[in-house]
Amino acid sequence: MMNIPIRVIITGTTGMVGEGVMHQCLQHPDVEAVLIINRKPSGYKHPKLTEIVHADFFDLMPIEDQLAGYNACYFCLGISSIGVSKLDYYKTTYILTLNVAQTLVQYNPDMTFCYVSGAGTDSKEKGTGWAAVKGKTENDLMKLPFLQVYAFRPGFIKPIKGLTKTHGFYKYINWLFPVGRALYPKGFVTLPELAQAMITVTEQGYHTKVIEGKDIITLGKQS
């Protein structure tokens, strides 16, 4: 579908998922350039990498002129609903995400937008919990006039050894991965699989816009 190099914007790289996706993109031969946008410096340096430090994702006007010329966005920014008010979760999960996407589509209508959602997301938007908020976010992203929009719904994500943003508790629960992968494979994916799946749909497209765990594994095997 795409035979030109990928120029990707990645958000959330100060977190585990975003850092892992960035790491894989920097190593991938099909990725020409990576732009990361963070509230604080990531500390990463790489020939392919450009970083914008910008505190307010609800107001991108000061950096809009730096966002043109990209054909992919891997949106990995997100927060847990645990310990957060419903209003704050809605603002960060829905309003912030849509604000970024609406800005990007103005400058990059040929962009593939990949949104990291989560297993259990409710596309029917029933109720007021996290699953409904994620579902509304997915649905409204897909209404925007991007070239392609995909919602990725991983469950347990195995981190990449050696990266710095991995949650500390993973060292206690990583032993679950081979067991879970054997018994319930669609609920257990690796970060390299997730990143490669994003690259694959950017280049080749996919038959469904909601990418579940089993799809991530299938797409993650391609290169």
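The values are calculated or read from the model by the stated rules, or taken from the named source; none is laboratory data. Predicted, not measured: the structure shown is a model, and the values here were computed from it. Please note: Cβ atoms are built from the backbone with ideal geometry, for glycine as well, and neighbour counts cover all protein chains shown. The accessibility values were calculated without ligands, DNA or RNA, using every heavy atom of the protein model including side chains. Shrake-Rupley method; radii C 1.70, N 1.55, O 1.52, S 1.80 Å.
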Most mobile of F152, F113, F57 per a Gaussian network model of the chain (Cα springs, under 10 Å)? F57
Please give the length that would be gained between L26 and N174 if that part of the chain were fully extended, namely 0.36 nm times their separation in residues minus their C-alpha to C-alpha distance (nm, one decimal). 50.8 nm
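Using a/c under 1.5 as the rounded threshold, could you call the chain rounded, prolate or oblate? The axes a ≥ b ≥ c are square roots of the C-alpha gyration tensor eigenvalues, and prolate needs a/b larger than b/c, oblate otherwise.
On the way: a/c = 1.27, a/b = 1.12, b/c = 1.13.
Note, shape of the chain comes out rounded.
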Hey, in the GNM for the chain with a 10 angstrom Cα cutoff, which one of G12, G43, G135 fluctuates hardest? G43
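If DNA, RNA and ligands are ignored and the probe is 1.4 Å, what is the ranking of Y74, Y90 by accessible area, most exposed first?
On the way: Y74 0, Y90 75 Å².
Largest accessible area first, the list is Y90, Y74.
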At what distance in nm do the modelled label points of K124 and Y107 sit from each other, each positioned 7 Å from its Cα along Cα→Cβ? 4.0
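Once fully extended, how much extra length lies between L144 and I95, figured as 0.36 nm per residue of separation less the alpha-carbon to alpha-carbon distance?
Values: separation 49, 0.36 × 49 = 17.64 nm, distance 1.41 nm.
Answer, rounded to one decimal: 16.2 nm.
For the chain, what % of the accessible area comes from carbon and sulfur atoms, probe 1.4 Å? Walk me through the numbers before you get to the answer.
Values: 5930 of 10550 Å².
Carbon and sulfur atoms account for 56 percent of the accessible area of the chain.
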Arrange the peptides 117-125, 19-27 so that the one whose residues have, on average, the most other Cβ atoms within 10 Å appears first. 19-27, 117-125
Could you calculate the contour length gain from M61 to K86, that is, 0.36 nm times the residue separation minus the distance between their Cα atoms, to one decimal place in nm? 6.3 nm
Packing-ranked peptide list from 207-217, 155-165, highest mean Cβ count within 10 angstrom first, is 207-217, 155-165
Per residue, what accessible area does the chain have, given a 1.4 Å probe and all protein chains present, in Å²? 47
